[in-house]
Amino acid sequence: MVQTPSYFEYYDHAFVVDSTPDGGLTGRILNWKTGRFDEDNEHVIDVLFDHGPDIRSLDHPKFVRRTEEERKNYLRGDGPIFALYQTIDAIWAATEEENRKITKEERALIDSLYRRTFKMWEDEFARRDAGDAPTFTFTSVLAR
């Protein structure tokens, strides 16, 4: 029996396996152009049973971090989510400028900010799916 949801990194993409109402399984992969998780059932068996160097299981905190790292890397826009991403970038820039490793406190702050942005994306997509107007705009750095 597969525990759901189950979280993975699949060829550099955040991927989640969840249960369907009829007892089956469904997969969703992070779309780097939209920031959403798109249905992708083709890879469910791969992530569950064919772990290799490009597929790895993640716990929920690492899944959130991986998802938000991808969104931060591939999406650009305005609004509070992107301000938080800039804060994260500033923390990393300070470690590079000072030629040092990240501190436990800085790592905890980044993880906290990623949890916030993850929730903000979920809330935004729920509003949009309900027919509400977007509260911010964004684009992908990838060609559409």
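Nothing in this text is a laboratory measurement; each read-out follows from the coordinates by a stated rule. On a predicted model such as this, the values are computed, not experimentally measured, just so you know. In this analysis, Cβ positions are derived from the backbone assuming ideal geometry, glycine residues included, and neighbour counts consider all displayed protein chains.
Annotations
- When each of Val2, Val44 is scored by the number of other beta-carbon atoms lying within 10 Å, the sequence from fewest to most is Val2, Val44.
- Order by protection proxy (mean Cβ within 10 Å, highest first), peptides 18-25, 61-68: 61-68, 18-25
- Helix axis angle, 104-129 relative to the chain longest principal axis, alpha carbon, degrees: 60
- Difference of contour (0.36 nm per residue) and Cα-Cα distance, Arg115 to Asp78: 11.5 nm
- Lys, Arg +1 and Asp, Glu -1 on Cβ, resulting dipole of the chain about Cα centre, debye, nearest 20: 400
- Helix 80-97 and the long axis of the chain differ in direction by around 60°, with both axes built from C-alpha atoms.
- Those lysines that a straight Cα-Cα span of less than 23 Å connects to Lys101, excepting residues fewer than 8 apart in one chain: Lys62, Lys72
- Computed over the chain: relative contact order in percent, which uses C-alpha pairs under 8 Å that are six or more apart: 24
- The aspartates and glutamates whose alpha-carbon is closer than 12 Å to the alpha-carbon of Lys119, local same-chain residues fewer than 8 away aside, are Glu68.
- Packing, taken as the mean count of other beta carbons within 10 Å per residue, orders the peptides 3-9, 89-95, 77-83 from highest to lowest as 3-9, 77-83, 89-95.
- Three-way shape label, the chain, alpha-carbon gyration tensor, a/c 1.5: oblate
- For the chain, the longest principal axis of the Cα atoms and the long axis of helix 60-74 meet at an angle of about 60 degrees.
- A dipole drawn for the chain from +1 and -1 charges on Cβ atoms has a positive end, and of Leu58, Tyr74, Thr4 the residue lying farthest that way is Tyr74.
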